[in-house]
Amino acid sequence: MSSPSHISAVKMAETAPEDLSLPSKTTLVHHWMEFFRGGEAVLEQFGLLFPDAPISMLVYNRDFLTPSLLRHEYRTSFLQRWPFLRRHFRKLLPIFPEIIRRQHLPKDTRFVLSSDASIIKGVPIPPGAIHICYCHSPPRYLWGLEDSYLESSSHGNAFGRMLFSASLPHLRDFDRKMAQRVDHFIANSHCVRERIRRCYDRDSVVINPPVEISRFDPTRNRDDFYLIISALVPYKRVDLAVDACSKLGRRLIVIGTGPEEADLKRRAAPCVTFLGWQAGSVVRDHYERCRALLFPGIEDFGITPCEAQAAGAPVIAFGEGGALETVKEGVSGLFFRAQTVQAMTDILRQFEAGPTMHPEACHANVVHLGPARFRREIRQFIEQKCPSHFAGYQWPSTAD
């Protein structure tokens, strides 16, 4: 049985012709790319494991591709060709199952590796192919955070909300049925592993996502501002940080944008500064100088608390979700237990009155989460689950 020699990363193939000369194909599946976030960091590492892979997805923004990702060939859905549809593709969520069902991987695909926080796991898989899904989370807009999704700009009118609400049963049914076709799940945290079990009745293995620990210098002097780095959407609860810092008169810098931005600016005191989206160098500088990162939402894993700790900054987080797995209370951060402004002001006062949390302790708490570890664990999982497919396969040097 011949070993995989190519990756034809799929997510809605439409542009590149199929290369029938390849004896056996591995296919990468990813949902979409608007910005470079945690999901794209995972995709980048998959690309290092399979450096010849074209990458296919619903839509993508070339401006946010890293040099590593720019080396890949991209395949997109028809949405990419129409600027209006590309900008507003989320509004087509009610018909995503129909779009996804029409996508076909090359017939000789024998191994599929997907990166999914939506319903792209439902792309048709050729008979006999093995499908491993790295699940960032069962989609929150279907399983538990429907109200927050309805509040976002994707469905900011009555018709959109009605259409989304009417399509929810169908979308949930599609997502659950497609999850049963996945051969093996990888969860990005124990929190997500439990959600996969609850939503899909499937077991999974936990492999934490990659964190670029080496990018950060934890030895710089700290400044007096608190920091938020987040998409400004309802479930992130950035409003709690803005209101608490406004009430206490504490400096807060917010990096990020989204549908909540205008409302947050209206309610913010002069001590709160909004910088919008910023380049990686600016984000890194703020991580390395901030007093602490504020993390008031519930995330399935949460890359930003890990990056903050890598930069020597403690984290003040709401005590649910993935932050419980990555922040060590009293050593690299503190937790508050209710998503209220009062609880957040109380924890800020406690943090300011308490003992100093040392940058070296914060850094040490996450040093094990680097990308080389991620590639190694993914490679070992693939070899364990697909021994006949990868026996004798020469992994690239970037796989180590």
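The values are calculated or read from the model by the stated rules, or taken from the named source; none is laboratory data. None of these values were measured; they are calculated from a predicted model. FYI the Cβ positions are ideal-geometry reconstructions off the backbone, even for glycines, and counts take in every protein chain you see.
Can you tell me which residues in the stretch 272-289 are of a type in the set (S, T, N, Q) and in contact with a strand residue (DSSP E or B) (Cβ under 6 Å, 6 or more places away or on another chain)?
Thr273, Gln278
Yes or no: Thr66 of a type outside the set (A, V, I, L, M) and in contact with a Leu (Cβ under 8 Å, 6 or more places away or on another chain)?
no
Considering only the stretch 96-141, state which residues are touching a residue at least 40 places away in the same chain (Cβ under 8 Å) and over 26 Å from Pro51 (Cα atoms).
Result: Phe96, Pro97, Ile99, Pro138, Arg140, Tyr141.
Identify, by number, the condition in (1) assigned to a helix (DSSP H, G or I); (2) surrounded by fewer than 16 Cβ atoms within 10 Å (Cβ to Cβ); (3) not assigned by TED's automatic domain parsing to the domain that holds Lys121 that Cys245 doesn't meet.
Just one mismatch for Cys245, condition (2).
Within the stretch 251-266, which residues are within 14 Å of Leu232 (Cα to Cα) and among the charged types (D, E, K, R)?
Glu260, Glu261, Asp263, Lys265, Arg266, listed by residue number.
Scan the stretch 176-190 for residues that are buried (at least 22 other Cβ atoms within 10 Å of the Cβ) and of a type outside the set (Ser, Thr, Tyr) and report the count.
We begin by selecting, within the stretch 176-190, every residue buried (at least 22 other Cβ atoms within 10 Å of the Cβ); these are 178, 182, 185-189.
In the following step, the residues that additionally are of a type outside the set (Ser, Thr, Tyr) were identified as 178, 182, 185-188.
So the answer is 6.
Given the conditions (1) part of a strand (DSSP E or B); (2) modelled with pLDDT of 75 or more, and given that Ser56 satisfies all but one, which numbered condition is not satisfied?
The one condition Ser56 does not meet is (2).
Have a look at Phe295, Phe374 and point out the one that is within 25 Å of Asp243 (Cβ to Cβ) and either at pLDDT 95 or above or of a type outside the set (Phe, Trp, Tyr) (or both).
Phe295
List pairs: first in the stretch 60-84 and on the phi < 0 side of the Ramachandran plot, second among the charged types (D, E, K, R) and part of a helix (DSSP H, G or I), Cβ under 7 Å, 6+ apart or cross-chain?
Every condition considered, the pairs that remain are Thr66/Glu44; Ser68/Glu44; Leu69/Glu44; Leu79/Arg86; Gln80/Arg86.
Can you list the strands (runs of 3 or more DSSP E) lying wholly within the stretch 253-338 that have 3 or more residues being closer than 27 Å to Pro371 by Cβ and in contact with a helix residue (DSSP H, G or I) (Cβ under 7 Å, 6 or more places away or on another chain)? Can you show your working first?
Values: elements: 272-276, 292-295, 315-318, 333-336.
Of the strands (runs of 3 or more DSSP E) lying wholly inside the stretch 253-338, those with at least 3 residues that are closer than 27 Å to Pro371 by Cβ and in contact with a helix residue (DSSP H, G or I) (Cβ under 7 Å, 6 or more places away or on another chain) span 292-295, 315-318.
Would it be correct to say that Leu43 is over 18 Å from the mean Cα position of the chain (by Cα) and not hydroxyl-bearing (Ser, Thr, Tyr)?
no
Let's see how each residue does on (1) basic (Lys, Arg); (2) in contact with a strand residue (DSSP E or B) (Cβ under 7 Å, 6 or more places away or on another chain); (3) over 30 Å from Arg181 (Cβ atoms):
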position	(1), (2), (3)
Asp201	no, no, no
Phe216	no, no, yes
Thr219	no, no, yes
Pro234	no, no, yes
Val238	no, yes, yes
Ala241	no, yes, yes
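Strands (runs of 3 or more DSSP E) wholly in the stretch 108-220 with at least 2 residues that are among the hydroxyl-bearing types (Ser, Thr, Tyr) and either touching a helix residue (DSSP H, G or I) at 6+ places or on another chain (Cβ under 9 Å) or modelled with pLDDT of 95 or more (or both) - which ones?
It comes to 109-116.
Test Thr273 against the stated conditions and say whether it is buried (at least 21 other Cβ atoms within 10 Å of the Cβ) and of a type in the set (S, T, N, Q).
Criteria not met by Thr273.
Working only within the stretch 276-285, note down all residues that are of a type outside the set (Val, Ile, Thr) and either loosely packed, with under 15 Cβ neighbours inside 10 Å or within 17 Å of Arg37 (Cβ to Cβ) (or both).
Gly276, Trp277, Gln278, Ala279, Gly280, Ser281, Arg284
In the stretch 380-394, what count of residues is obtained for those that are without any contact (Cβ under 8 Å) to a residue 60 or more places away in the chain and closer than 18 Å to Val182 by Cα?
Qualifying residue count, the stretch 380-394: 3.
Using the structure shown, decide if Glu320 is out of contact with any Leu (no Cβ under 8 Å at 6 or more places or on another chain) and buried (at least 21 other Cβ atoms within 10 Å of the Cβ).
no
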